[in-house]
1. Starting from the amide H of B:Leu167, placed 1.01 Å from N in the peptide plane, find each other amide H under 5 Å away whose residue is 5 or more places distant or on another chain.
2. Taking the Cα centre of the protein assembly as shown as the origin and placing charges on Cβ (Lys, Arg +1; Asp, Glu -1), which of A:Val246, B:Thr112, B:Asn499 is farthest toward the positive end of the dipole?
3. Relative to the Cα centre, what is the charge dipole magnitude of the stretch B:66-182, using +1 at the beta carbon of each Lys and Arg, -1 at the beta carbon of each Asp and Glu, and rounding to the nearest 20 debye?
4. With respect to the cross-link table entries A:Lys159/B:Lys200; B:Lys71/B:Lys485; A:Lys56/B:Lys71; A:Lys84/A:Lys159, which display a Cα-Cα separation exceeding 24 Å?
5. Quick one: 3J(HN,Hα) in Hz for the stretch B:538-549, Karplus 6.51/-1.76/1.60 with θ = phi - 60°, rounded, Gly and Pro as x.
6. Is the shape of the protein assembly as shown rounded, prolate or oblate, going by the alpha carbon gyration tensor and its root eigenvalues a ≥ b ≥ c, with a/c under 1.5 for rounded and a/b larger than b/c for prolate?
7. When ranked by the protection proxy of mean other Cβ atoms within 10 Å per residue, highest first, what sequence do the peptides A:84-90, B:543-549, A:139-145 form?
8. Placing +1 on the Cβ of each Lys and Arg and -1 on the Cβ of each Asp and Glu in the stretch B:421-476, which of B:Val430, B:Thr452, B:Tyr474 has its Cα farthest towards the positive end of the resulting dipole?
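Read the figures in this text as sums done on the coordinates, not as results from a lab. Source: prediction; values computed, not measured. In this analysis, Cβ positions are derived from the backbone assuming ideal geometry, glycine residues included, and neighbour counts consider all displayed protein chains.
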Amino acid sequence: MRAGFVIRKVLGAFSTLAFVVVFNFFLFRVVNPNPVDSMFRGRNLTREQLDEITRKFNLDGSKWDQFVGYVQQLARGDLGLSFKGNRPVSTVIGEALWPTVLLVGTSTVLSMIGITIGYRAGWRRGSRFDTASTSFSMITYSMPEFWVGMVFLGFFSAKLGWFPVGGLEDPGSNASGFAKYLDQLHHMVLPATVLAIAYIGEYMIVARSSMIETLREDYLQLARAKGMRDEEVRRRHAVPNARLPVVSLSAINFGFIFSGAIAVEAIFSWPGIGQATYLAIRGPDLPMLQGLFLLISATVIVANLIADLLYGKLDPRVLGR
Amino acid sequence: MTRKLWVGLLAAGAIGAMAAGMVGNVQAGSDDTVTLTVGLTQDIDSPNVTVGYTVAAYEFWNLQYATLTDKAAADFAIIPGLAESWEGSDDGLTYTYTLREGLKWSDGEPLTADDVVFTVNTSRDQGWFNHSSVTANLTATAIDERTVEITSAVPDPKLPTMDVYILPEHIWAGPAADDITTYDALEGVGSGPFTLQEWKPGQEWIVEANPNYWQGEPAIDQIVFRLYTEGGAMVAALENGELDAANDIPAELFEGLASDDIVTVAGAQGGFTELAMNGMAGGLGDGHPALQDLDVRHAVAMAIDRDALFERVALGIGLPLTVLGVSPLQEWLPEIPEDQQLNYDPAAANALLDAGGYLDTDGDGVREMPDGGQSLTFRYAERSEGTQGPAVRELITGWLTEVGIATEVSVFDDSQLGTAIGAGEYDLFVWGWTPFVDPDPMLSYFTCAQLTTDIESLGYNDANWCSEEYDALYEQQNQELDRDKRIEIVHEMITLFHNESTYVVLYHDADTQAYRTDRFEGWLQQPADTGPVIFTNSSPTYFNLTPIDGGGGDDGGMSTGVLIAIIAAVLVVVVGGGLLVMRSRAGREERE
């Protein structure tokens, strides 16, 4: 891979990130010029106490001063204090990270079975398998996650009682080791399934259409003419060429592993990044929102960068562009 | 083929692990700890009492910290707490409290007058967030280990009530010397019935029984407060027995929830929703000139069918009251005389506007000012938070049209709305308040001193209304030490405020709660009959609860054997079927 290509891509990623930092800061301040007064409405605080809180959260002074303060803070790796409870934003995000990676990661991996299905469906376009799997994917893809979540919750938890209603662990659980792992798995079955159902269609559709595109290529004809078996033509010649769009989709989806799944996490009270985002919006908790947006943007940018670099590896033609 | 086999095995493994998870879960939870599980939709923001402010945090502090004087469950009457008795000086400025004998913190350290002195004086000096509204003018002095003298710099009708959380000096002196707001407060040392065992932010917090509680050890070993992001999920958990009680149930699920095992409680705490009109009484802003005319405000009040709002928007949950809610205790609220109630009467409202010269001179259906200029088109600020905004707006703007008043609706989030109100850039808005037990704070919000005259420092007076008569009464009640006389003054203030109609109180809200009756008994409403059972002012329910013998160990789930059978069947079908399909397809492909 050419060094110039890599450097160009890395620089591009950094400038996007810098833009996000600036944009983030001003976005939330335009939306919400002074949250302290509204947060503490009806709290019987004196003006001095409210001013003190404003100072503490770095909300006094001009917007420019606030911005400089924010950038300096970021440079130190400090995301500031959450309005709620004065805890460092990085700590709160850190606590939410593992549950989200566990949940969204598992369902992303599970849903990748959609790629295989998509390749097969595209390869035998118009077959019964294709029709069935495409209809299935279109249906699951168009069903809103929160709706599927509510239905699953209502049926499997509330009605049948097979799975707990929500959360990461049983109430008051002090289990450790293997028991803790099992408990978490039990709680994860429903949300992970809902998410996987939602993602599977996306993979399937993208994989299928990129496979269909390669079907027209002459080299497949040539491979068949050489007498290769159909299965081998698909695996050795069609799939590698159909892989590019799927790689970028997977990369972006892996980026979203850190951003969580707001709707599903909210429904299943899953203590991850999605739930933290939901709660921060309800606050509104500006430092938390800023921190979360930064994390989400950064992971998506990094995932995209990786996809770009992988592209170069998978398809040398990209390097020349 | 081998790769497919691997995939199959992996899938089987994953499903097996999940299945094992299910079984493991069913078998867990068979020890004899008595645990109460409560569902809520809001987390503690901080266990540090000088930092936190969510309702959930108050519930936690009510459990962990006892107060010098306690509040009766039935009516908030002052009753002994950590102090077994107290005596007032003749001038009413000084009270001497005698602590109970042998008081201990949950960690075994003695609880003495020094802890009280530390809490009162340090909170005053450092302006602690949740203490200073009580302690701002107080000075505490330890006479001996069990005697503490508290002196107020000004006459204070709240005394001898001392409902501030007393903190253990041996834990908090260090953080207080430094920056107290950075202390994590996870040590779980207190003097209340339960103390913090663990806090898992975003998930749950657990408190355990305090063996040293002055009323004795609670009958419950631990309480788990479980966080749900979605109210519907919480209700499902209550129904299938995962929860024993739940707070903040979505109104639309509340009505059908009561059953043989579940009791629902609509607990009123004085909170209310109001339509405010910009009175332009000296604060910032550009409110509509018509609203400075009392007759127009009365016409608006009479154009609104508050009974219909209560039934259709609040779904009949709460109390159909139309006076300012200043306390959860109904005794502070006056009866408005029949002829002053401003009940729904569009004909009278129209007549009032006609008489005032507000006529529709250009025939567009909207009245104009008496000089024929500006039309009676009011800016209506709707709150985006909460669920009732759109329904309330739709009804109110419709009723206003019937009396020839037009509206322009804008939607704001709370902070934008707070700023818009402070700047006085509104004519009408709908929002609400929840009062403290003592009526003083709520009453203070409508004094002239609370008008916003500088947008950088918002006052509480969001009706932009003020009156010398009201302010004089406010000062009077603030220093009246005779309770009955004070109640009379407060009644007079609320009636005055009602008749001025810058606030049209639409209805009093209620906390929607429910609890199961199959595992615990002894649920207490505070105040009696009208209040909630949990998340009340001092939350006496928890200590009062006792487990019902042999009650509800079974959570209604299915037996382990059945589960294993189902899982095994699913495994066989999924893995076996998958492999079969792959095999046959591979065969077909080779034939192609």
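1. B:Thr119
2. Comparing the listed Cα positions along the dipole, A:Val246 ranks first.
3. Working: 6 positive and 20 negative charges, 55 e Å.
Rounded to the nearest 20 debye, it is 260 debye.
4. Details: A:Lys159/B:Lys200 28 Å; B:Lys71/B:Lys485 21 Å; A:Lys56/B:Lys71 35 Å; A:Lys84/A:Lys159 36 Å.
Exceeds cut-off: A:Lys159/B:Lys200; A:Lys56/B:Lys71; A:Lys84/A:Lys159.
5. Listing the rounded values in order: 10, 6, x, 4, 4, 5, 7, 6, 10, x, 7, 4 Hz.
6. prolate
7. Working: A:84-90: 20.1, B:543-549: 16.1, A:139-145: 14.1.
For the peptides A:84-90, B:543-549, A:139-145, the packing ranking is A:84-90, B:543-549, A:139-145.
8. Projecting each Cα onto the dipole axis, the largest value belongs to B:Val430.
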